[in-house]
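Here the structure is laid out as structure tokens; the discussion comes afterwards.
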Amino acid sequence: MCTDGGILLFTVFDNRCTASTLLMIFLEFVAIAWVYGADNFLDRVEEMGMTWGMQRGNGVLRWFWKIMWMFVSPAVLAVVIILAWVDHQPLHYEDYTFPQGIEIFGWFIELGPLLFVFGVPIYDVVKMRRKGHTWGYIFSALFKPATLDENQWETRNKKLAMENIAYIES
């Protein structure tokens, strides 16, 4: 930071942005492992060329990553997030304690990104309900991964391969 107050601003960001970032990472773990499916995700990893120990059914690494993504990592993140919010300390830098307005600003920058994480799906639900869709349709639309059929994947992969070859040859 370039100003005398730079370290104070850094302290606010450093102390207030971690738990919300970890919460978003936790939600990504849940979305990948439980909504999209750990097996689907591992199949995509295998498509990218990592095949050693990743075979479906008997791959050792496959089971390791599946357990880590589905259980261990979300549990550790949940514990860290809860402890960060429960063990809340007033903001301070060395012997300087921040005023209440800066505390409020710190909570705003911590919880602000979460407004988008939860606000966008709520907006989509309201929009779909106004169009007259049922709750079952809304649930399936929100939690269904965007998929391509085999022909679309092949076409897309061939196009990308041709673009890569053209780039390498230029």
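The values are calculated or read from the model by the stated rules, or taken from the named source; none is laboratory data. On a predicted model such as this, the values are computed, not experimentally measured, just so you know. Quick reminder, even Gly has a Cβ in these numbers, built from the backbone with ideal geometry, and neighbours come from all protein chains shown. Quick note on the areas: whole protein, heavy atoms, side chains included, nothing else; ligands and nucleic acids left out. Shrake-Rupley method; radii C 1.70, N 1.55, O 1.52, S 1.80 Å.
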### Query
Magnitude of the Cβ-charge dipole of the chain, K/R +1 and D/E -1, about the Cα centre, nearest 20 debye?
920 debye
### Query
For the range 99-140, taking Cα atoms only, what is the radius of gyration to one decimal and the Dmax to the nearest whole Å?
15.9, 49
### Query
What percent does the relative contact order of the range 18-94 come to when contacts are Cα pairs within less than 8 Å and at least six residues apart?
40 percent
## Note on the structure
Two pseudo-spin positions, 7 Å from Cα along C-beta at Glu46 and at Phe10, lie apart in nanometres by 4.7 nm
### Task
Pop out the Kirkwood hydrodynamic radius of the range 1-97 from its pairwise C-alpha distances, inverse of mean 1/r, in Å to one decimal.
16.1 Å
### Estimated FRET transfer efficiency (Leu22, His133; beta-carbon r; R0 22 Å; 0.05)
0.10
### Query
Lys pairs in the chain, Cα-Cα under 28 Å, at least 8 apart or on separate chains: how many?
5
### Task
Whole number in Å², please: accessible area per residue of the chain, 1.4 Å probe, ligands, DNA and RNA not counted.
74 Å²
### Task
Would you mind getting me the FRET efficiency between Gln100 and Val80? Use the beta-carbon distance for r and R0 = 30 Å, nearest 0.05.
0.70
### Task
Obtain the nm distance between the two label points defined at Ile168 and Phe116 by a simple spin-label model: each point lies 7 Å from its Cα along the Cα-to-C-beta direction.
3.6 nm
### Summary
Contact order relative to length for the chain, counting C-alpha pairs under 8 Å separated by 6 or more residues, stands in percent at 28 percent
### Task
Tell me the label-point distance for the pair His88, Trp107, using the 7 Å Cα-to-Cβ offset, in nm and rounded to one decimal.
0.5 nm
### Task
Kindly provide the trypsin sites (Lys or Arg not before Pro) of the range 73-133 that DSSP labels as loop, not H, G, I, E or B, and whose Cβ sees at most 14 other Cβ atoms within 10 Å.
Lys131
### Summary
For Arg62, Arg44, the accessible-area ranking with a 1.4 Å probe, largest leading, is Arg44, Arg62
### Message
Give me the Å³ per residue figure for the convex hull around the C-alpha atoms of the chain.
### Response
242 Å³
### Net lengthening on full extension, Val125/Ala31 (0.36 nm per residue, minus Cα-Cα)
32.1 nm
### Task
Could you tell me what percent of the accessible area of the range 1-76 is made up of carbon and sulfur, with a 1.4 Å probe and every protein chain present?
71 percent
